[in-house]
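The values are calculated or read from the model by the stated rules, or taken from the named source; none is laboratory data. Remember, it's a predicted structure, so these values are computed and weren't measured experimentally. Note that we place each Cβ from the backbone using ideal geometry, even for glycine, and neighbour counts take in every protein chain shown.
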């Protein structure tokens, strides 16, 4: 923020930054600069949940239950489970985008990426079996 303040002097009220201890407080402070009233307005209006029912292509969501930034509760929303185009892969651990399979370099080190590849391979096999046309 101090660097941004150099480029945009006087735009940000930096006096409150030292008081911020939690992500919610940060969003409450920062989101008005992005056009939202506060953290509640940001979380309500920036959520992708309202768009889930409109998804019309196969979609894989990978999310960890221990993600410190995005609470897992939102992934229990009925809209995710009612759309047949959406598949949720929930893991106990992974944090926030921390899906590393193993410490040593091996075939499954890029765990999340490999699950995406598996998802598309399975989708491809299913489409080939159900297609009326031979490829």
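Quick rundown of the values:
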item: Pair list, Cβ < 7 Å and 6+ apart or interchain, from the range 32-51 residues that are farther than 23 Å from residue 12 by Cα to residues that are part of a helix (DSSP H, G or I); result: 49/74; 49/79
item: Segments classed as helices (runs of 4 or more DSSP H), wholly inside the range 35-133, with at least 2 members that are surrounded by 12 or more Cβ atoms within 10 Å (Cβ to Cβ) and assigned by TED's automatic domain parsing to the domain that holds residue 11; result: 39-45
item: Evaluation of residue 31 against (1) modelled with pLDDT of 95 or more; (2) touching a helix residue (DSSP H, G or I) at 6+ places or on another chain (Cβ under 7 Å) (one fails), failing number; result: (1)
